[in-house]
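Coordinate-derived values only; no laboratory data. Please read all numbers here as calculations on a predicted model, not as lab measurements. Ideal geometry is used to build each Cβ from the backbone, glycine not excepted, and the neighbour counts take in all protein chains shown.
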Amino acid sequence: MVQANDLEKILALQGLGQNQLEKLAAIADKGRYPAGKVLFRHREKLTHYNLLLEGRVALTLAPDGEDPLTLEMIEPGRSFGISALIPGKSGSANAVCQEDSTVIHLPAEEMLELFEQDSDMGYRFMYQVLPSFKTRMHQRTRQYILSVEQHPEFQQALESLGHVFYG
């Protein structure tokens, strides 16, 4: 069973009041997973928003069957699986436990219903989550640009245009 004080440790929920945390705790479930456990896969329909209490979870992608690329390492107090809260969207990465991990799972549909019933809760949650989401998107864009810059064909194209690559 999840307690409201478990949720107080999560960055995305720190703007919520005690009563709001208790509402979320009432719908939450907690799981303990071993290192190597895949919590969800890229393009999978996500049904839960996830909160990491203990351990580490890597968000990865494996382009064209290559070795996985780590997009982000989730540490305790952080959340992942925000796509679950966007109707019709699927996961944008794999989530893989890097060590034994304790994860709180919040069912997305029930969360969204709570946000409709308590718009203050929804506002406070989004106010807390949006800066983190923006940072993640900036980080992923930067990773993409760096990987494209290192691609040999891109380097050749720049050189043919007279640009020198110093990567």
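Hey, what does the equivalent ellipsoid look like for segment 21-118, semi-axes from the Cα gyration tensor as sqrt of 5 times each eigenvalue, largest first, whole Å?
Values: eigenvalues 114, 55, 16 Å².
Semi-axes, largest first: 24, 17, 9 Å.
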| message | From the phi angles alone, apply the Karplus equation (6.51, -1.76, 1.60; θ = phi - 60°) to segment 131-136 and give each ³J(HN,Hα) in whole Hz, x where the residue is Gly or Pro. | response | x, 5, 4, 4, 4, 4
| note | In order over segment 43-52: 3J(HN,Hα) from phi, Karplus 6.51/-1.76/1.60, θ = phi - 60°, whole Hz, x for each Gly or Pro, gives 6, 7, 5, 8, 10, 9, 8, 10, 10, 8
| said: Longer than 25 Å from Cα to Cα, which of Lys37/Lys134; Lys45/Lys134; Lys9/Lys89 are they? Say none if no pair is. | reply: Lys37/Lys134; Lys9/Lys89
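So between Asp100 and Arg43, what do we pick up on full extension, going 0.36 nm a residue minus the alpha carbon distance?
The span from Asp100 to Arg43 would gain 18.1 nm if fully extended.
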| request: Please list the non-local residues whose amide H lies under 5 Å from the amide H of His48, H modeled 1.01 Å from N, same-chain partners needing a gap of 5 or more. | output: Ala108
| request: Starting from the Cα of Leu69, step 7 Å along the direction of its Cβ; do the same at Ala35; then give the gap between the two resulting points in nm. | output: 2.6
| Which one is right for this structure if Kirkwood radius over Cα pairs in Å is calculated from it: (1) 17.4; (2) 18.3; (3) 16.3? | (1)
| remark: If R0 = 25 Å, then Gln150 and Lys89, at their Cβ-Cβ distance, give a FRET efficiency to the nearest 0.05 of 0.30
| query | What size of dipole, in debye to the nearest 20, comes out for the chain about its Cα centre when the only charges are +1 on Lys and Arg C-beta atoms and -1 on Asp and Glu C-beta atoms? | reply | 80
| 222 nm [θ] for the chain, helices only, -39500 (n - 2.57) per DSSP H run of 4+, per residue, to 500? | -12000 deg cm²/dmol
| Using modelled backbone amide H atoms (1.01 Å from N, in-plane), which distant-in-sequence or interchain residues come within less than 5 Å of Phe40's amide H? | Ala95
| query | Hey, what do the phi angles of segment 97-103 turn into as Karplus ³J(HN,Hα) couplings, whole Hz, using 6.51/-1.76/1.60 and θ = phi - 60°, x for Gly and Pro? | reply | 5, 8, 8, 3, 9, 10, 10
